[in-house]
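Asks: This is the structure, below, for whatever I ask next.
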Amino acid sequence: MRTRCTILLATVLVAVSPLVAHAQSAQRLSVQGSGLLLNLMGDSFEGTDAGYGFEAQVRFTPSAFSFGVGLQYTSHGVEGLDDRATLIGGFFEPRYVFSTSSESLFPYLSGRFYAVRFSNENTVAQIKTTSTGIAANGGGGVLVRLGSRMNADLGATFGYFRFGEFTFENLATGIEGTGEGNNGSNLVVRLGLTFGL
């Protein structure tokens, strides 16, 4: 009985996978560009606004699962400072798309694992602050078919981050100091377009 169920399940997955893959992109390779909103929540980031920016990624879609790698950039206002902080780094994003009765809307679950460098240069005080962080997120979204080679993508992930020691450099003297790292949570929201190659 168990063997029959396993064979039946495998047959269904093999039959459905190409359909679901087509929902993501009819092509195995695709590129995606997105606008981003990224919010860092933790003690070290009190007074740091949610940041806006962009990402670019390449995706490989062998089946219902697809895998993306790319770069992201966001710029954040900081309370009391005229200069904005930046987050720039790379990410890995696995995704699973569900087949539905719709021919244009396809929900998905996704993860986002990224490493970024935080940097803020206070030109008035001549202090530069930097730190490197990592994060693991989970979430999902929806793909909207716009054509045989194009999808719109609206998604969001929420998760945990950890930043290492903060380095403070006096730009006038070159003297450096360090501060304690920080753990917290983060939210990434994106709206983008995917193009099949």
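Asks: What nm distance separates the two modelled labels at THR178 and VAL31, each placed 7 Å from Cα along Cα→Cβ?
Replies: Once both label points are built, they end up 4.0 nm from each other.
Asks: Give me, ordered by chain and number, the residues 5 or more places off ASP83 or on other chains with an amide H under 5 Å from its own placed amide H.
Replies: Those qualifying (amide H under 5 Å, at least 5 residues apart or on another chain) are THR123.
Asks: Give the calculated FRET efficiency between ILE88 and ASP43 to the nearest 0.05, with a Förster radius of 22 Å applied to their Cβ-Cβ distance.
Replies: 0.45
Asks: Counting pairs of alpha carbon atoms under 8 Å apart in space and at least six apart in sequence, what relative contact order in percent does the chain give?
Replies: 21 percent
Asks: Note the full-extension length gain between SER185 and TYR160 as 0.36 nm times their separation in residues minus their Cα-Cα distance, in nm to one decimal.
Replies: Between SER185 and TYR160, full extension yields an extra 8.6 nm.
Asks: From the list (1) 12.1; (2) 13.5; (3) 10.8, can you say which value of mean projected area of the Cα convex hull in nm² was derived from the structure given?
Replies: (2)
Asks: Treating only the Cβ of Lys, Arg, Asp and Glu as charged (+1, +1, -1, -1), what charge dipole size does the chain show about its Cα centre? Round to the nearest 20 debye. Write out the running numbers ahead of the final one.
Replies: Numbers: 13 positive and 15 negative charges, 290 e Å.
The calculated dipole for the chain is roughly 1400 debye.
Asks: Quick check on the exposure proxy: order THR48, THR61 from fewest to most C-beta atoms within 10 angstrom.
Replies: Sorted ascending by nearby Cβ count, the order is THR48, THR61.
Asks: With +1 on each Lys and Arg Cβ and -1 on each Asp and Glu Cβ, how big is the dipole of the range 84-197 about its Cα centre, in debye rounded to the nearest 20? Please list the in-between numbers first.
Replies: Working: 9 positive and 8 negative charges, 79 e Å.
In debye, rounded to 20, the range 84-197 gives about 380.
Asks: Compute the long axis of helix 2-24 from its Cα atoms, compare it with the longest principal axis of the Cα atoms of the chain, and write down the angle in degrees, 0 to 90, nearest 10.
Replies: 60 degrees
Asks: Assuming 0.36 nm per residue, please report the length gained on full extension of the stretch LEU171 to ARG117 beyond their Cα-Cα distance.
Replies: Full extension from LEU171 to ARG117 adds 17.6 nm.
Quick note: the coordinates plus some simple rules give every number you see, no bench work behind them. Predicted, not measured: the structure shown is a model, and the values here were computed from it. Cβ atoms come from the backbone with ideal geometry, glycine included; neighbour counts cover every protein chain shown.
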